[in-house]
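A.B. asks: Would you mind keeping the following structure in view while I ask a few things?
The values are calculated or read from the model by the stated rules, or taken from the named source; none is laboratory data. Fair warning: this is a prediction, and the values are worked out from it, not measured in the lab. Cβ placement follows ideal geometry from the backbone for every residue including glycine, while neighbour counts extend to all protein chains displayed.
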Amino acid sequence: MTQTHLTAPLDERSAADLAEAGLRLALVDLADTAALDAWIVADMRGFHGRRPSAEVLEEARTNFGGRRTTAVYDERVSTPVGTVNSWVAPLTVPGGGSLDSWAISSVTVAPTHRRRGVATALLGAELRTAHALGVPAAILTVSESTIYGR
């Protein structure tokens, strides 16, 4: 698959659902360092990480080159209130073959915005985008165990 996943349009259904809640769904421009850094800060917050240093931000920026990076914004807050990124990854299937899959990672919602349908909208958008691109399977990457305090 080509890099079309980076420029595929936003899912209109999730964008509309979030707009009804006063939130905005948007792709993050990976060339916009300030926007990407704000997304990284929000992502790290979602996994109980510390505010990243300049070195950590620089390293993290290099990891997102081939990924579709999406954010949910509340215009009253400086960092995204929801994050997700995705990319096409090979999935090994029985018999030794592989097929394209839609890898979904970095799903976070700010504590201030939980229970408002943000994660539902983000994941629904990812699944509908994969379907629209003709990717036959979706996978959710493993989370950090530290997010489950109990």
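A.B. asks: Could you say which residue among 71, 38 is at pLDDT 95 or above, part of a helix (DSSP H, G or I), under 14 Å from the mean Cα position of the chain (by Cα) and within 19 Å of residue 118 (Cβ to Cβ)?
C.D. replies: 38 is the lone residue from the list that is at pLDDT 95 or above, part of a helix (DSSP H, G or I), under 14 Å from the mean Cα position of the chain (by Cα) and within 19 Å of residue 118 (Cβ to Cβ).
A.B. asks: Of all residues being among the small types (Gly, Ala, Ser) and closer than 22 Å to residue 41 by Cβ in the range 104-143, which is modelled with the lowest pLDDT? Just the residue, please.
C.D. replies: Taking the candidates together, the pick is 143.
A.B. asks: Could you tell me which residue of the range 97-145 is surrounded by the fewest Cβ atoms within 10 Å (Cβ to Cβ), considering only residues that are free of Cβ contacts under 8 Å to residues at least 24 places away in the same chain and of a type in the set (Lys, Arg)?
C.D. replies: Here the answer is 115.
A.B. asks: Here is a check on your reading of the model: is residue 14 over 12 Å from the mean Cα position of the chain (by Cα), within 25 Å of residue 128 (Cβ to Cβ) and among the hydroxyl-bearing types (Ser, Thr, Tyr)?
C.D. replies: It is true that residue 14 is over 12 Å from the mean Cα position of the chain (by Cα), within 25 Å of residue 128 (Cβ to Cβ) and among the hydroxyl-bearing types (Ser, Thr, Tyr).
A.B. asks: Next question, about the same structure. Only residues that are buried (at least 17 other Cβ atoms within 10 Å of the Cβ) and polar (S, T, N, Q): list them for the range 49-96, please.
C.D. replies: If the condition is that a residue be buried (at least 17 other Cβ atoms within 10 Å of the Cβ) and polar (S, T, N, Q), then 69, 70, 79, 83, 85, 86 are the ones that fit.
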